[in-house]
Amino acid sequence: MDIWLLPRARLGELIATLRARGYDVVAPTPRDGAIVYDTIESDADLPIGLGDEQSPGRYRMVARGDAAVFGYAVGPTSFKRNFHVPTERLYRVERVGGALRFVPEPVAARKVALLGARGCDLVALRSLDRVLQGDRYRDERYAARRSDVVLIAVHCGTPSASCFCTSMGTGPRASGPWDLALTELTTGQHRFIVETGSAMGLTLVRELGLRAAGTLDKIHAAKVPIAAAESITRRLETDALGARLAQNLDHPRFAKVAERCLACTNCTQVCPTCFCTTVEDHTELDGSAAERHRRWDSCFDLEFSYIHGGPVRPSVRARYRQWLTHKLSSWHEQFGSSGCVGCGRCITWCPAGIDITEEAREVGSPRKAEKTT
Amino acid sequence: MKAKKPKLAVFKLASCDGCQLSLLDCEDELLAVAGAVEIAYFLEATSRIVKGPYDLTLVEGSITTEHDAERLRLIRKQSKKLITIGACATAGGIQALRNFADVAEYARVVYARPDTLKTLATSTPVAAHVAVDYELRGCPVDKRQLLEVLNAFLNGRPPRIGSHSVCLDCKRKGTVCVMVAHGTPCLGPVTHSGCGALCPSYTRGCFGCFGPSASAHPAALRPALTQLGKTEAEVARLYATFNAAAPAFAAEHQSLAKRKEPTT
């Protein structure tokens, strides 16, 4: 695998090249006091010189004091919303004579380039792929949106205090597959060290006419995610975690966390792997037609588990337990991996500041459970 | 549509008229609604009154007088389906602040001749007096939701109106959290969806106009609000507005009021 040099001044050309090839470039961009992922038009839309401070229940976008472009940790949005969209019409049904005519909603063809994807983002996307198109229950709408996607990763050099990707094995170095992976170097000449991981990646490098990176630059670049890993202090002990949680379903900690939990659904909505939805039917006023819409939903909502007679999980205790154990325990059995990528979004964006690593640590300690019950 | 059109009635109790005005506010859809129903009683729109019984009745406002309580019982008798609209009708409205105070004292302060006044000590929701088929929240109600409720009842299906928090709507829209990212106190995590997460979309905190969500847990929001600089008295004040008597909100401002007492 060859390694290339992209001067900061030419980053805009990479974006322009992707756009010329018909790709919507979805990348980090500052909006309303946070760095979110959205469609950008040029490198001027990137969070130039911006970083963030994060802790449980708190996020602040801050000036870094330099001109770094990817000098932030992941914000409230994930790439999920580009493929598993928050709200969409599935089909329309019309009365034609005495019969019903079903008109499925087409999925608009959209080529997407994800620029700036972190290691945790990419693992999350693979996790969603497994869930939504990984076996016979395929979500064709997701699959269509996912069919032409260029992945341009950026190895993370700036994790936040909420991050714990090192525990989950998802970063800070972004593991492939990706088309290109960038490492940002801001000392000396501002530049990116570019790795290619696919024919598409190589095509982009050739089109830009990049020259090979020097040995010293390669060493500097390799050190970036290593230094990032060393700065991460939040930990989650994953050894037999799924089994430990499954053995402690009656742990008193669940009642304690329920006292703090708002059941507001924020953790599930910012989570890059939470995929639950609900469907809603609407009718025309005169009953001549109806539509079915799908929307993001959450296991924290009381109505989510409603079946005839009432909700299956009426207490917040039961709902928190469902979420925590699905993410860290039963996801393994269902999809063969953890449902958590250690991005820390649920920690930062919880208005009550509930920390999944702390709750999992408490629930996963069997001896404590015996003492307190 | 040769079948006889269902008769719609709109009644008002103690309220500001804002919710029934939302129906007139449905400019684009109003003609369709007027075509689908016979507007039999709707004084804000027409002085033409058609006698009951009514197929679908919307009731705005709360019960603050014995006279209205009696009137409401008559309305219920004449209504096949009765839907309450707005914070007054579903929770007692802002006038329910009297439930936590001395109404005689209020009357003395406001009126020159309080002895001419005949009022109850409380402002209570319609459902505290008669059976209600559906409660639509909001101060005022959201016109899209009002249309959805009318549509659902006309088509014999349940309304598709969630009871989740405002947060879920913010996240679906992609609105950045004003509380976590800006430090703006917000009642979104405990407030019933319905407005389309309007205030946070304009970088303001939620005021709780739609009352408590189904899982509202204001005590869990208290630490976050006080951390953002709100005193306990100010937190209590946040809940003592349009939905002051909604149980989850009432419990929070009353529990905070009790904590305050020893020092006052």
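No value in this document is a laboratory result; all are computed from the given coordinates. Please read these numbers as outputs of a predicted model, since none were measured by experiment. Neighbour counts are summed over all protein chains in view; Cβ atoms, including those assigned to glycine, are modelled from backbone coordinates with ideal geometry.
Only strands (runs of 3 or more DSSP E) whose full extent lies in segment A:146-208 are considered here, and the ones with at least 1 residues that are touching a His at 6+ places or on another chain (Cβ under 9 Å) are A:180-185, A:191-196.
Which residues, counting only those in segment A:293-317, are surrounded by fewer than 16 Cβ atoms within 10 Å (Cβ to Cβ) and either touching a residue at least 40 places away in the same chain (Cβ under 8 Å) or at the interface with another protein chain (Cβ under 8 Å from one of its Cβ atoms) (or both)? Correct list: A:Glu303, A:Ser315. Within segment A:143-189, the set of residues being among the aliphatic types (A, V, I, L, M) and in contact with a strand residue (DSSP E or B) (Cβ under 7 Å, 6 or more places away or on another chain) comprises A:Val149, A:Val150, A:Leu151, A:Ile152, A:Ala153, A:Val154, A:Ala161, A:Ala174, A:Leu180, A:Ala181, A:Leu182, A:Leu185. Quick one: count up the residues across segment B:148-181 that are part of a helix (DSSP H, G or I) and within 7 Å of another protein chain (Cβ to nearest Cβ). Residues flagged as part of a helix (DSSP H, G or I) and within 7 Å of another protein chain (Cβ to nearest Cβ) within segment B:148-181 amount to 9. For segment B:203-219, residues that are more than 13 Å from the chain's Cα centre (by Cα) and at the interface with another protein chain (Cβ under 10 Å from one of its Cβ atoms) total 7.
Of B:Ala112, B:Ala3, which residue is more than 22 Å from B:Lys143 (Cα to Cα), within 14 Å of chain A (Cβ to nearest Cβ) and part of a loop (DSSP other than H, G, I, E, B)? Give the derivation first.
On the way: B:Ala112 fails: within 14 Å of chain A (Cβ to nearest Cβ).
When all the criteria are applied, what remains is B:Ala3.
Among the residues of segment A:271-292, which ones are at negative phi and either of a type in the set (Gly, Ala, Ser) or at the interface with chain B (Cβ under 7 Å from one of its Cβ atoms) (or both)?
Residues of segment A:271-292 at negative phi: A:271-286, A:288-292.
Those that are at negative phi and either of a type in the set (Gly, Ala, Ser) or at the interface with chain B (Cβ under 7 Å from one of its Cβ atoms) (or both): A:Glu280, A:Asp281, A:His282, A:Thr283, A:Leu285, A:Asp286, A:Ser288, A:Ala289, A:Ala290.
Before we move on, is A:Arg89 at the interface with chain B (Cβ under 10 Å from one of its Cβ atoms), surrounded by fewer than 16 Cβ atoms within 10 Å (Cβ to Cβ) and in contact with a strand residue (DSSP E or B) (Cβ under 7 Å, 6 or more places away or on another chain)? No: the conditions fail for A:Arg89.
More than 9 Å from chain B (Cβ to nearest Cβ) and surrounded by fewer than 22 Cβ atoms within 10 Å (Cβ to Cβ), is that true of A:Gly242? So A:Gly242 fits the description; yes. Suppose we filter segment B:191-202 for residues that are within 12 Å of another protein chain (Cβ to nearest Cβ) and in contact with a Phe, Trp or Tyr (Cβ under 8 Å, 6 or more places away or on another chain); how many remain? Matching residues across segment B:191-202 total 3. Take A:Glu333 and decide whether it is among the charged types (D, E, K, R), surrounded by fewer than 18 Cβ atoms within 10 Å (Cβ to Cβ) and under 30 Å from B:Ala3 (Cα atoms). So A:Glu333 does not fit the description; no. Among the conditions (1) part of a helix (DSSP H, G or I); (2) farther than 18 Å from A:Ala240 by Cα; (3) touching a Cys at 6+ places or on another chain (Cβ under 6 Å), A:Lys327 misses just one, which is (2). Filtering segment B:221-248 to residues that are farther than 18 Å from B:Cys170 by Cβ and among the small types (Gly, Ala, Ser) leaves B:Gly229, B:Ala233, B:Ala236, B:Ala240, B:Ala244, B:Ala245, B:Ala246, B:Ala248. On inspection, A:Glu359 does not qualify as free of Cβ contacts under 8 Å to residues at least 60 places away in the same chain and either assigned to a helix (DSSP H, G or I) or within 11 Å of another protein chain (Cβ to nearest Cβ) (or both).
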